[in-house]
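Beneath this line is the structure, given in structure tokens, with notes to follow.
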Amino acid sequence: MSRVRADEEEYWHSSKFRAFTFDDEDDELSQLKESKRAVNSLRDIVDDDDDDLERVSWSGEPVGSISWSIKETASGSTSSLDGRDSSLQKGSSSFAALPKQASSYSLSSLFKGRNKLPSFQSLSDALTDTGVKNYAPELRRPKAEYKDYSSDWSPKDTVRRMQRGKVCSLERFRSLQDKLVLLDEAVAGHDGNVITAVLIFLKRTLRREILFRELEVRQVALCHLIHFLRETGEQKFLLDLLRFLDRTEEVALSQYREHLNIQDVEKRREFLKGCIGLPFSAEDTSHIQDHYTLLERQIIIEANDRHLEMAGQSELFRKYPRKASILNMPLVTTLFYSCFYHYTEAEGMFSSPTNLKKTFKIPDKQYVLTALAARAKLRAWGDVDALLTTKNWLGYTKKKAPIGFHRVVEILQRNNAPVQVLQEYVRLVEDMETRLNLATKYKCHDVVIETYRDLKDRIQLTAYKCKVERGSADEEKINSILNN
């Protein structure tokens with residue numbers, strides 16, 4: 001009994017505060033050191049080996065989360081009050097009432113939610129130590145965010161806040177007048193994203209007739225809406241808008257673009273046939289007609305060539321197998337295909353290059369360029385010569401190239417034409433400097449020697465002698481010219 005009274009006397013007469021002296025080290029540095037020692041003492045309680053696992057409380061929520069911190073703050077404040085009352089009543093003996101039996105749960109297992117070996121510090125022992133509680137700061141939403149939803153912003157202020165990326169509710173603009181003022185302010189702000197956002201709001205909240213009528217006098221907003229509908233693929237809404245605006249050609253073009261979404265060839269052909277009667281301009285009508293005719297030709301050519309390729313009856317298809325189908329290919333690709341596989345066919349055949357040129361009015365320059373590339377790829381030099389040879393009304397033949405002989409030389413060299421073939425067309429280049437550059441670049445020695453001879457340039461001819469092979473026919477030709 002006397003021992004209990006002595007403990008109580010010691011409790012009431014003890015104090016945590018010391019008298020002030022100039023040698024006192026209870027400053028910020030000493031407090032920092034004490035905090036560091038307290039943190040280091042926790043390392044003996046919590047395992048360092050399992051830091052990679054998520055720590056959980058008894059409630060099952062992750063330690064350190066907002067909800068956990070708030071609950072811990074509330075429970076800690078309550079328990080501290082209760083503990084203070086009990087300590088005042090019972091003194092230090094209240095801690096002795098806690099059981100000291102060993103527990104299979106360590107403090108680390110309490111935080112991590114799993115059992116530990118009994119060799120670790122027990123939970124009852126951990127509770128007797130000086131507890132360190134984490135109090136979560138009060139989390140409040142900034143007052144400026146409440147204004148985005150609660151304040152009565154004007155259309156101008158709403159647009160200004162939308163330009164700064166603030167979240168603004170447009171639902172409070174209910175009357176037609178307010179919505180139109182909001183649209184006018186968005187257009188005046190010259191911000192495409194804001195204009196599009198307001199147009200989406202008006203599109204959702206206004207009837208189509210009213211929206212179309214108001215957009216008819218606001219061309220900037222109208223252009224934004226048309227572009228938005230085309231990007232999002234809202235074809236029906238776009239067609240209704242264009243019909244209201246009486247833009248018949250744009251309606252026809254919008255319907256024509258639908259063929260891109262049709263994968264079946266026969267259905268696409270029928271769709272294009274129906275597009276011919278749409279109110280296009282005269283030029284566009286001819287293009288639609290050509291598109292339909294070309295697809296019809298491609299279907300016929302593809303069916304015949306697939307049969308020949310599978311039957312193995314054509315040597316050209318066996319030697320050069322087709323890499324892809326010709327269906328839905330452009331006109332130039334179709335012409336190249338015909339010049340490659342069907343160059344010698346009569347004009348009456350649909351797959352004949354001459355038939356394609358006549359049907360679709362292909363210019364001579366485009367036809368020669370495409371046919372030359374196709375025949376040079378097959379190394380058919382006789383066809384190349386015939387393609388570039390013309391006859392006049394007296395029966396005389398002459399070489400003629402609508403694309404220029406310098407381009408002919410480049411195409412032939414790209415397809416590994418022999419030097420004899422290249423020299424024949426390099427000689428036909430009219431410009432002297434271009435001819436010399438091409439002949440030097442592609443090592444057409446005869447053309448270089450003949451050109452310097454015609455120019456009577458002895459110095460250049462002597463210098464070029466060093467570039468030819470010693471003892472060759474070219475060197476002998478240069479020596480013969482220099483000695484004459």
Legend entry - Count of segment 416-470 residues which are of a type in the set (A, V, I, L, M) and open to solvent by 80 Å² or more (accessible area, probe 1.4 Å): 2
Inset, instruction - Could you run through segment 299-336 and say how many residues are out of contact with any helix residue (DSSP H, G or I) (no Cβ under 8 Å at 6 or more places or on another chain) and not in a loop (DSSP other than H, G, I, E, B)? - result: 12
Legend entry - Filter pass, T354 being among the β-branched types (V, I, T) and in a helix (DSSP H, G or I): yes
Legend entry - Hey, D284 open to solvent by 30 Å² or more (accessible area, probe 1.4 Å), assigned by the TED database to the domain that holds T196 and over 27 Å from the mean Cα position of the chain (by Cα) or not: no
Inset, instruction - Please name all residue pairs, on different chains or six or more residues apart, with Cβ atoms under 7 Å, provided the first residue is in segment 423-446 and is β-branched (V, I, T) and the second residue is open to solvent by 20 Å² or more (accessible area, probe 1.4 Å). - result: V426/R435; V429/F405; V429/H406; V429/R435; T434/H406
Legend entry - Qualifying residue in segment 211-227 (condition: open to solvent by 50 Å² or more (accessible area, probe 1.4 Å) and farther than 23 Å from D191 by Cβ): yes
Legend entry - Check on L206, among the hydrophobic types (A, V, I, L, M, F, W, C), touching a Leu at 6+ places or on another chain (Cβ under 7 Å) and at pLDDT 90 or above: no
Legend entry - Which listed residue, of E231, E266, is exposed (fewer than 12 other Cβ atoms within 10 Å of the Cβ) and assigned by the TED database to the domain that holds I326: E266
Inset, instruction - Enumerate the pairs (first residue in segment 283-303 and touching a residue at least 24 places away in the same chain (Cβ under 8 Å); second residue anywhere and open to solvent by 50 Å² or more (accessible area, probe 1.4 Å) and acidic (D, E)) with beta-carbon separation below 9 Å, excluding pairs fewer than 6 apart on the same chain, so at least 6 apart or on different chains. - result: D284/E249; I299/E266
Inset, instruction - Please tell me if V194 is open to solvent by less than 90 Å² (accessible area, probe 1.4 Å), of a type in the set (A, V, I, L, M, F, W, C) and within 30 Å of L253 (Cα to Cα). - result: yes
Legend entry - Extreme residue, farthest from K399 (Cα to Cα), among residues of segment 333-361 that are surrounded by fewer than 17 Cβ atoms within 10 Å (Cβ to Cβ) and among the aliphatic types (A, V, I, L, M): M349
Inset, instruction - State all residues of segment 315-332 that are polar (S, T, N, Q) and surrounded by fewer than 14 Cβ atoms within 10 Å (Cβ to Cβ); if no residue qualifies, say none. - result: S325
Inset, instruction - With a cut-off of at least 2 residues that are within 30 Å of S352 (Cα to Cα), name the helices (runs of 4 or more DSSP H) lying wholly within segment 364-477. - result: 364-377, 381-387, 405-414, 419-426
Inset, instruction - Answer yes or no as to whether K465 is of a type outside the set (A, V, I, L, M) and within 48 Å of the chain's Cα centre (by Cα). - result: no
Inset, instruction - Quick one: K236 ticks every box in (1) over 28 Å from the mean Cα position of the chain (by Cα); (2) exposed (fewer than 14 other Cβ atoms within 10 Å of the Cβ); (3) not polar (S, T, N, Q) except a single one, so which number is it? - result: (1)
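The values are calculated or read from the model by the stated rules, or taken from the named source; none is laboratory data. Note that this is a predicted model, so its numbers are computed, not measured. Here the Cβ is made from the backbone with ideal geometry for all residues, glycine too, and neighbour counts use every protein chain on show. SASA here: full protein model, heavy atoms, side chains in, ligands and nucleic acids out. Shrake-Rupley method; radii C 1.70, N 1.55, O 1.52, S 1.80 Å.
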